[in-house]
1. Provide the per-residue ³J(HN,Hα) series for the stretch 247-254, in order, calculated from phi with Karplus coefficients 6.51, -1.76, 1.60 and θ = phi - 60°, each as a whole number of Hz, with x at glycine and proline positions.
2. HN-Hα J couplings of the stretch 302-319 from phi, Karplus 6.51/-1.76/1.60, θ = phi - 60°, integer Hz, Gly and Pro as x?
3. What is the set of long-range amide H partners of Thr75 at a cut-off below 5 Å, with H atoms built 1.01 Å from backbone N?
4. Show which aspartates and glutamates lie in cross-link reach of Lys412 when reach means a straight Cα distance below 14 angstrom and same-chain residues fewer than eight apart are skipped.
5. What number, in percent, do you get for the relative contact order of the stretch 358-432 if the mean sequence gap of Cα pairs under 8 Å and at least 6 apart is divided by its residue count?
6. May I ask for the Rg/Rh ratio of the stretch 204-276, computed from Cα atoms with Rh as the Kirkwood radius, given to two decimals?
7. Averaged over every viewing direction, what's the projected area of the C-alpha convex hull for the stretch 1-97? Give it in nm², one decimal, please.
8. Over all pairs of distinct alpha carbons, what does the Kirkwood formula give as the hydrodynamic radius of the stretch 32-167, in Å?
Amino acid sequence: METYNTTDRFLDCLEEIVTKGLSQDDLHQAKRCFLDYLGATLAGAKMLGNRGLSLVGMMEASKGQGCSSVIGFHTMASLHTASFVNGLSAHTAELDDGVISGIIHPGAPVFSGLLPVMERYNVDSYLFYLGAVVGYEVSVRLANAIQPSHKVLGYHASATCGMIGTAMGIAVMLGYNRQELKDTFACALASAHGTLKVLEDDSELKPFNIATASSDGLVAALMGKAGFKGADDPLEGYSGFFAQFSKTVDKQRLWKNENGKLAIYDVYVKPYAACRYCHPSIENALIIRGEKGFSVEDIEHIYIETYSLAVNKHDHTTVNNVSSAKMSIPFATAVSLCLGSASVDAYCEESIHDQAISDLMKKISVAPNDDFSSKFPQLSIATMVVKCADGRTFESRTEQPKGEAAFPLSDKELMEKFVSLAIFYGMNEERARQLSNSILYDSSNAVTDFVKLL
């Protein structure tokens, strides 16, 4: 016999958002996130290059004959292929948004799943953004409720919670009824997967987790619409989501966000092309590089302290490919000190094989600080002490790296980020500026028009 339970209460929270609707501020924030997603995805498509195009060809029976756009590859594909490859591209450049409290990247899976469906069914822009807002809400609330235990157990919340958010975002966008929403939720919870093993041994599979989150979220939503009934309360019980994916659960985080706002307002936007855990050290390095009298050649050793979650799998000083470089705090520090940049252009094969950068990495040590760990995720603290051979020292401390929700990029800065990534991809600057302005400010254009421009 079905009874009112945790899952029902959570779905009530989501339906309240749908019933209330989005304000103009909510819509603008969703557009900001969409613009940031497009820039990161174009850059990722450029980096994937022929491998990405080859993947589309292998996944499709008849290349170019699908119903949905594969961003950056000038081709159409099936819903499944488009969501998968767009998800892969969205996370490849490590420039997609995130929420530090949930240790999650919600935008890459959510938009990658929604966009092909929106295009296939010609969904209007409001419903597209409403689905995205709900997708962020589901992803972040679930992640907040089970972190940091979820990460400590080895799970990748962007894959697990991101997939569930993707499924529910699609369901809301397409106007599912309550039973269809509940069946979609149950199917998504049953198929959640993705581990942080993808960070080890020069692995390039971290974006693969996002790709499967996008496409699996799509499948879960279609299963729910087709009428496949799921468990009545998939969150609870011995085999439920909570018991399987975390040792500690804060259910209060399911019912509301701490600041009372929609979760989409909690996102950080990345100004640097690396894992967010590297950003405080990047900013410290850029500050020190600008100090009077500083010279990289004089460095004897660099001491970095940060919160413990940022150290594990991010303190390696041997880097053999771009994926590994993006996860390394020592590489982020070295490339920032040597080149004065941590942009998408700085994370390249040339930098990896640069002898000065390689030598400097070996002089860097990264250690956890208990006090910094206790203040995370409210603060993302890193300190850096650069000791020179002649006895001089340079020091810097960052508590909130640029782009956090408390210190967001302005619309102008966000548009400049998109333009720079679009140019990196190969787009004409004038066209990139026109596109970014239209997405943020021109309410007359449908999202499908933006996709056609890409």
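The values are calculated or read from the model by the stated rules, or taken from the named source; none is laboratory data. Only a predicted model underlies this, so the values are computations on that prediction, with no experimental measurement involved. Heads up: the accessible areas ignore ligands, DNA and RNA and are worked out on the full protein's heavy atoms, side chains in. Shrake-Rupley method; radii C 1.70, N 1.55, O 1.52, S 1.80 Å.
1. Going residue by residue, I get 8, 10, 10, 10, 5, 4, 6, 6 Hz, with x marking Gly and Pro.
2. 10, 10, 10, 10, 7, 6, 4, 5, 7, 8, 4, 6, 10, 10, 6, 10, 10, 10
3. Val70
4. Asp36
5. Worked out over the stretch 358-432, it gives 16 percent.
6. Details: Rg = 16.4 Å, Rh = 16.0 Å.
With Rg and the Kirkwood Rh in hand, the quotient comes to 1.03.
7. Value for the stretch 1-97: 9.5 nm².
8. Values: mean 1/r = 0.0667 Å⁻¹.
Taking every pair of different Cα atoms in the stretch 32-167, averaging 1/r and inverting gives 15.0 Å.
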